[in-house]
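These notes concern the structure reproduced below.
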Amino acid sequence: TMFNKSLNSKVEHVLNEVKLSDDVNKFNAGINTKLNLDKLNISGGQRQKIVLARAKIHGSEIILIDEGTSAIDRQATLSILKELVKSKSTIIFIAHNFNEDMRSLFDREIRL
């Protein structure tokens with residue numbers, strides 16, 4: 001939340017929504033763990049979940065997810081998407097592995 005104390009109350013809820021709570025609890029300093037992206041001390045899936053959580057916490061009007069769940073297993077992806085679509089945000093989800101379960105969550109599909 002980078003120095004924005006007003007967002008602290010949302011963090012725990014959003015971490016649960018994006019299925020990141022268990023991962024954060026394993027970090028030495030929990031939510032206060034400093035991540036070093038140069039040393040890659042987190043997995044690709046964890047990184048994607050962090051990006052999704054940040055978008056959700058900040059209440060972005062539009063959330064653009066471009067292959068944002070490619071390193072997350074199918075069941076977790078579906079669970080995360082179910083939570084994301086509950087928000088008031090417009091979600092643009094780009095994926096090569098779009099399936100029927102995911103498709104049912106969205107209003108429109110555009111194929112390129």
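Annotations for the structure displayed:
- Selection count where residues are closer than 18 Å to SER89 by Cα, of a type outside the set (A, V, I, L, M, F, W, C) and surrounded by fewer than 18 Cβ atoms within 10 Å (Cβ to Cβ), scope the stretch 17-66: 6
- The residues of the stretch 67-83 that are surrounded by 12 or more Cβ atoms within 10 Å (Cβ to Cβ), assigned to a helix (DSSP H, G or I) and out of contact with any Leu (no Cβ under 6 Å at 6 or more places or on another chain), listed by number, are ARG74, ALA76, THR77, LEU78, SER79, ILE80, LYS82, GLU83.
- Yes/no for ASN41 being more than 23 Å from ASN8 (Cα to Cα), assigned to a loop (DSSP other than H, G, I, E, B) and out of contact with any Phe, Trp or Tyr (no Cβ under 8 Å at 6 or more places or on another chain): yes
- Subset of the stretch 33-64 (residues that are closer than 18 Å to ASN16 by Cα, free of Cβ contacts under 8 Å to residues at least 24 places away in the same chain and in contact with a Leu (Cβ under 8 Å, 6 or more places away or on another chain)): ILE42
- From the list LYS26, LYS19, LYS82, LYS86, the one residue that fits, being of a type in the set (D, E, K, R), more than 17 Å from the chain's Cα centre (by Cα) and modelled with pLDDT of 85 or more, is LYS26.
- Candidate set from the stretch 84-112 (those that are closer than 24 Å to LEU7 by Cβ and charged (D, E, K, R)); member that is surrounded by the most Cβ atoms within 10 Å (Cβ to Cβ): LYS86
The values are calculated or read from the model by the stated rules, or taken from the named source; none is laboratory data. Keep in mind it's a predicted model, so treat the numbers as computed, not measured. FYI the Cβ positions are ideal-geometry reconstructions off the backbone, even for glycines, and counts take in every protein chain you see.
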